[in-house]
Amino acid sequence: MVYLKIKEQIIQWTIHQVIGHSKRTVLLSVTATILMGSGIRFLVMDDDMMKMLPKNLDSRISWEEVQNEFGSTEIIFVAFGSKDSSAYSAHVLGNLWQLSENLELLESVSEVTNVSSSTKIEQYDGFMEVDDLQPSEKLTRNEIDEIKAYLNKNPKLKKRLISKNENYLITTIQPEFGFGLDRFRNDVVHVADSLLADYEIHYGGTAYVTGSVPQLIREDVQLLIKAGLIIMLIMLLVNLRSLKAVIMVFIVIIPSLIAMMGFMGWAYKITGLNCFLFALLNTSMPIILLTIANSDGVHVITKFFRQFRRLKDVKTAIEHTMESLLIPIFLTSITTIAAFLTMISSPLEPLIGYGICMSVGIAWAWIFSSLTLPAMINIVSWNPKSFSITKPSMLEKLASFFSKIVTRFPVQTFSIGVLMVVLGGIGIQSINVDVNVANFFKPGTEIRDSMDFMDREMSGTMDLRIRIEADVKDPRILNGLDSIQSFIQDNENISVTYSIADVVKQMHRAVMDDSLKYESIPPTREKVNNLFTMYYMSGDHDGLSSMIDPDHKTTLITSLSSIMSTEDIFSLVRSITTYIEKHLFGAEKISITGMIVVIHDMVLMVIKSSLLSIAISVLLIGIITSLFFGRVTWGALSIIPLFSAVILNFGLMGHFDIALNHITAILSSIIIGVGVDFAIHYISQFQKLSKNKDGKDKTIEAVKDVGYPILLDAGSNMGFGALIFSAFLPVQYIGGLMVFAMISTSLGTLVLLASATQILSDRFSKV
């Protein structure tokens, strides 16, 4: 009784604020939105994959150690040349020299590696001599032939510097710490494009891809979301048949978006936490919030129209609307917020920020739909005789049709719905896991074509790093490195591996009259130490810094590979881990990192945390609705649309070969966020009608009353199907799954849930 009294007091207070102080309510809510939205200026876009991973993760720890000891591993590859001419020409090598000089002048560039910056190890009068591989910008034919001959003698070095067909030269650029990858990428591309305009140019590397993503997101998503909003506007206008009504719906949508993005900016400004950076993972946030906010606004405005049609008085219609919807909207908001807050338990920082920021946006939509929107409705004048008020829309008629089918054939309707879910769910067994960033770009796009070129003609752009703590001058350790490299090199996806062991063998051969039979690790530590001494005496003190630390206690094996499937990545990481565990070669510590390993770890975390979040969300929603509606049965019924739609979503992904990754896994939140709204609104109305209606009447009225806003909400949000025209595959996934989510959740409510309540209607009578 106390609960009911408090609930009634809250409803009456809210109605009083909306009707008695409409302008004040609007002013306060707009002011709060402006203040919150001002944080947008602090919003930072960043898609550094490493920031997604927990700080205590082994691959991240190893990655940070490698970064600190050997420089950034997030590099850019630039390949240029012509398919019809050899790269061994004075003109091409001269341009390469200029490219190196210009790149080295950039503040964002730490190191440049190519033919012009590389060294050669040779013997001179019995001593080791380390000299420039390319001696000058302008080369003679003889000097070019010497470069070619040296690379042919050192095939691993050649693979890193020139294409397989010898038509393209490769430059590897390493960024300076403290510079964002987008600036680093833009600086490199600007220099290369301006200097090499006469050549065919290709780019690759994690830094290039990652640095390109923020701009791609901005350009692509902004354009396509505008298209989606226009389609949404048209759909709403056609069905509501009132521009004022459409504006009212957008009064809920736009401030919610502004508040959410502003909160994200403020949160990052105040806390500095990486979870509040706007990354690729966050691309779906605005769209999901649009669907949820749109649902709230549509329910209020359509309910008002139906009440105004019946009562002919604005204030009375608003009162009845609020009495009917305040509690359901509150409940849908609470359950949806609870669902998103389950992401806080994720080990991935972006998912934590995702859940928090979405919750703020949903809370804002709740406030605006419960207070601001009714207040605006009260301020604006309405004509009770207008066509939009007096005549049912096309979707209202469709909702009425659904009500008749459900009540006449409830068992058959429910059975057909279950069968569709089962058939759709079969596709789950075919679902494919893939978070390879390269596969986010559609074949035919500039980035994807360049990456495919790098894989086909060069040594690939994906990297694997193995960090070894050991006495690098110990022959046993060096032979161990060589053995690990040989094992890795046997994998068909690996193009080249290199380490200090290769350099030692090269040095050994050089001092032994350049005889190939001495291209091996010397048998004693003393001989190895002599080679290092001679190398450093030659004057090249930094030439080995990318492979060993100054104390010769830590070294690095680097491997380059072509684009691999996630399955291939899993297999490679497992095999290397097993091999290293069996062959430690006296090393104190061996750890594996690099983008291949990071992708491997991220796949497991994203899938595990997302699926766990979905399971917890559905459970929480069931518990909350059971408590609120007073029956476990209602809680069980409320998750029917969610459960069925989630199954269909993953089944669809399997049927249409849509990969499960850190984007598509999150998009299940659309289903939960929208589906719970639909279910709660239906159950709330059905329960209300059960108090004074019997038999089929309550189902008919519930479907007609709630079905219209559900269909309108689903139809208007399908405008975001425009996203499927994006060249950026994750954005396509968002668009396609968005459309499917609206179909599956709306039909799940109006077919499965409605037919289930009709079958069980006798149990709910007079409750």
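Points to keep in mind about this one:
- Translational diffusion of the stretch 535-653 was estimated from the Stokes-Einstein equation, with Rh taken as the Kirkwood radius over Cα pairs; at 10 °C and 1.306 mPa s the coefficient is 81 µm²/s.
- From largest to smallest, the equivalent ellipsoid semi-axes obtained for the stretch 429-536 from the alpha-carbon gyration tensor read 38, 16, 12 Å.
- Our estimate of slack between residue 701 and residue 565, defined as 0.36 nm per intervening residue step minus the Cα-Cα distance, is 43.8 nm.
- Here r is the Cβ-Cβ distance between residue 193 and residue 577 and R0 is 51 Å; the resulting FRET efficiency, rounded to 0.05, is 0.80.
- Panel note: the C-alpha atoms of the stretch 578-734, placed on their principal axes, show extents of 82, 39, 21 Å (largest first).
- Kirkwood hydrodynamic radius of the stretch 370-410, Cα pairs, Å: 12.9 Å
- For the stretch 54-105, the spread of Cα positions along each principal axis, largest first, Å: 49, 26, 13
- Estimated vicinal HN-Hα couplings, Hz - the stretch 398-411 in sequence order (Karplus 6.51, -1.76, 1.60; Gly, Pro = x): 5, 4, 5, 4, 4, 4, 5, 5, 5, 6, 6, 10, x, 5
- Note on residue 186/residue 58: beta-carbon distance plugged into 1/(1 + (r/R0)^6) with R0 of 35 Å gives a FRET efficiency of 0.60.
- In percent, rounded to a whole number, the relative contact order of the chain is 20, using alpha-carbon pairs under 8 Å and six or more apart.
- 5 angstrom amide H check on residue 133, placed H, neighbours 5+ away: 118, 119, 120
- Extents of the stretch 289-436, largest first, come to 57, 42, 26 Å (Cα atoms, principal axes, whole angstrom).
- Each residue of the stretch 747-760 was assigned a 3J(HN,Hα) from its phi angle through the Karplus curve 6.51 cos²θ - 1.76 cosθ + 1.60 (θ = phi - 60°); the sequence is 5, x, 7, 7, 10, 5, 5, 5, 5, 5, 5, 5, 4, 9 Hz, with glycine and proline shown as x.
- Cα centroid separation, the stretch 291-368 to the stretch 118-161 (Å): 69 Å
- Cα-Cα pairs of the stretch 1-127 separated by more than 16 Å (percent): 82 percent
- As an equivalent ellipsoid, the stretch 161-308 spans semi-axes of 46, 20, 10 angstrom, where each value is the square root of five times an eigenvalue of the C-alpha gyration tensor, largest first.
- Efficiency of FRET between residue 515 and residue 164 - r from beta-carbon atoms, R0 45 angstrom, step 0.05: 0.95
- Once the Cα gyration tensor of the stretch 607-672 is diagonalised, semi-axes √(5λ) in Å: 26, 12, 7
- Debye equation applied to the C-alpha atoms of the chain, log10 I(q)/I(0) at 0.05, 0.06 Å⁻¹: -0.34, -0.47
- Across the stretch 594-670, the relative contact order, built from alpha-carbon pairs under 8 Å that are at least six residues apart, equals 35 percent.
- Using equal-weight Cα scatterers in the Debye expression, the normalised intensity of the stretch 553-600 in log10 at q = 0.20, 0.24, 0.26 Å⁻¹ is -0.74, -0.99, -1.10.
- ³J(HN,Hα), Karplus 6.51/-1.76/1.60, whole Hz, each residue of the stretch 646-654, x for Gly, Pro: 4, 4, 5, 4, 5, x, 4, 4, x
Taken together, the values in this text are just the output of simple stated rules run on the coordinates, not laboratory data. Keep in mind it's a predicted model, so treat the numbers as computed, not measured. Cβ coordinates were reconstructed from backbone atoms using ideal geometry, including for glycine residues, and neighbour counts include every protein chain displayed.
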